[in-house]
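Each remark here refers to the structure printed beneath this line.
The values are calculated or read from the model by the stated rules, or taken from the named source; none is laboratory data. Just so we're clear, the structure is a prediction, and the values are computed from it rather than from any experiment. Cβ placement follows ideal geometry from the backbone for every residue including glycine, while neighbour counts extend to all protein chains displayed. Calculation scope for accessible area: heavy atoms of the full protein, side chains included, ligands and nucleic acids excluded. Shrake-Rupley method; radii C 1.70, N 1.55, O 1.52, S 1.80 Å.
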Amino acid sequence: MQNLKELQENIKNANNIIIFSHVNPDGDTLGSMIGLSKLIELNFNKKTTNVIIGRKPDTYAFLNSIDECRSNNDIDKETIYDLAIAVDVAAKDRMVDMQEVYFKAKKSINIDHHITNNGYGNINIIDANASSCAEVIYGLAKALNWEINQETAELLYIGILTDTGGFRFENTSPKVFNYAAELSEQGANPTKLYRLCYESKPKAMALLNAYAIQNAVFKENDKIAYTIITKEDMKNFNAKGDYTEGISESLRQINTTEVSMLLKESENQTTKVSLRSKNIDVAKIAETFGGGGHHFAAGCTIQKPPKIALEKLMEEIKKSLYE
Ligand code: AMP
Ligand code: MN
Ligand code: MN
């Protein structure tokens, strides 16, 4: 409670506030960032600067206020903010070139739910049992008696909905259902938001997903399922960066799968890896490659092309499978 009070005081006293998403933003970091921004506007009558790091995802273009968000490329790095807040940012390097601005701020706040978060802020509000960062924010809004309206309820609901995979993943606790019920009472409509998040895929995204599953490779008695997407594949499908979301989860849906992964060829001979599992701690595996995340959903970027990254990953996964 003490750090919540401190957060409240810092928001009250700040003249300028900047909020950061993590790179390659998803529904949770966006719902949390814009949701928190709107809560601050509603309760403190203050506007914040919201920064999307990396590309603005097409799949969340439906968020009304996404256009008000700035890109990391048009933030002046010299400005010193009174308050910098990172939401859903597991590790400081996920703020990429915005770390400088974050740590230069008079006070830095770290609001998150990743078990691997090391508490890099001056004030850390981290709940590794929370389904999503949006759940943490809704919890603190309740504890601080902040007013919530339909817009903020919808944004936080989107964070919870997407990080629980539509109320299906292991992080779907009774609290999640209670919060979702309260948020829907405040005006977040489950069907409307489900359709926007899950039934509004661009055609190319659905086709890329099918292609990736079709090309999946199964190892260790089908316990490991992986698929590789190259830059050329992305070009062939005319796919935007966020169109690969959900592929690793699709592979986990197979009954034999223990660990699934997507290896995505990225710039400069690097590979972005999305790990999912049913029992094995993949956050631990991701951490050995400098990444992190949650027990059953984690990620990392390996400074090698996919084929070489795969060999290294297989070694670590096998160790975890048979230990
Ligand atoms: P993704 O596979 O990108 O959807 O990420 C799965 C989970 O792992 C998310 O909660 C991410 O925030 C987290 N994650 C992904 N990449 C990293 C990384 N390089 N460092 C720390 N956490 C990560
Ligand atoms: Mn996230
Ligand atoms: Mn999250």
Looking at the chain as a GNM with Cα springs under 10 Å, which of Thr301, Thr244, Thr191 has the largest mean-square fluctuation? Thr191
Over segment 43-142, relative contact order from alpha-carbon pairs under 8 Å, at least 6 apart, %: 20
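Just list whichever of Lys142/Lys284; Lys203/Lys304; Lys264/Lys284; Lys77/Lys307; Lys175/Lys223; Lys104/Lys235 have alpha carbons separated by over 28 Å in the model shown.
Going by Cα-Cα distance, Lys142/Lys284; Lys203/Lys304; Lys77/Lys307; Lys175/Lys223; Lys104/Lys235 fall outside the 28 Å limit.
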In the chain, what % of DSSP beta bridges are antiparallel (nearest 5)? 45
Name the long-range amide H neighbours of Lys107: under 5 Å, sequence gap of 5 or more, or other chain; modelled H, no Pro or chain starts. Leu83, Ala84
Against the longest alpha carbon principal axis of the chain, how many degrees, from 0 to 90 and to the nearest 10, is the axis of helix 27-44 turned? 0
Which FRET efficiency value, to the nearest 0.05, is calculated for Phe177 and Phe62 with the Förster distance at 25 angstrom and r the Cβ-Cβ distance? 0.55
Karplus couplings for segment 146-159 from phi (6.51 cos²θ - 1.76 cosθ + 1.60, θ = phi - 60°), rounded to Hz, Gly and Pro as x? 6, 6, 10, 10, 4, 4, 5, 4, 4, 5, 6, 4, 4, x
Short to long, in 10 Å steps from zero, the percent of alpha-carbon pairs of the chain per bin is 6, 27, 35, 23, 8, 1
Karplus (6.51, -1.76, 1.60) ³J(HN,Hα), θ = phi - 60°, over segment 285-291, in Hz, Gly and Pro reported as x: 5, 4, 5, 5, 10, x, x
Full-stretch length increase - Leu144, Asn189 - with 0.36 nm per residue and alpha-carbon distance subtracted: 13.8 nm
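Quick check on segment 203-322: what does the Kirkwood estimate of hydrodynamic radius come out to from the alpha carbon pairs, in Å? It would help to have the intermediate numbers written out before the result.
On the way: mean 1/r = 0.0713 Å⁻¹.
It is 14.0 Å.
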With the contact rule set at Cα under 8 Å and sequence spacing of 6 or more, what percent relative contact order holds for the chain? 13
Calculated [θ] (222 nm, deg cm²/dmol) that DSSP helices of n ≥ 4 give over the chain, each run adding -39,500 (n - 2.57): -12000 deg cm²/dmol
Inter-site label distance for Lys5 and Asp82 at 7 Å from Cα along Cβ, in nm: 2.0
For segment 74-90, Karplus-derived ³J(HN,Hα) couplings (6.51, -1.76, 1.60; θ = phi - 60°; whole Hz; x for glycine and proline) come out as 10, 10, 6, 6, 7, 4, 9, 8, 5, 9, 10, 10, 9, 10, 6, 9, 4
Here Rg/Rh (Cα, Kirkwood) for segment 20-74 equals 0.95
Gaussian network model of the chain, springs between alpha carbon atoms under 10 Å - residue of Asn215, Asn255, Asn50 with greatest fluctuation: Asn255
Once both axes come from the Cα atoms, what is the angle between helix 306-322 and the longest principal axis of the chain, in degrees from 0 to 90, rounded to 10? 90
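Which whole-number percentage describes the relative contact order of segment 203-322, with Cα contacts under 8 Å and a sequence gap of 6 or more? Intermediate values should be presented prior to the final figure.
Working: 224 pairs, mean separation 22.7, N = 120.
Over segment 203-322, the number comes to 19 percent.
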Could you work out what % of the accessible surface of the chain is carbon and sulfur, using a 1.4 angstrom probe and leaving DNA, RNA and ligands out of the count? 45
Within the set Ser250, Ser274, Ser200, GNM on the chain using Cα springs under 10 Å gives the largest fluctuation to Ser200
Tell me, what is the per residue accessible area of segment 146-237 in Å², probe radius 1.4 Å? 53
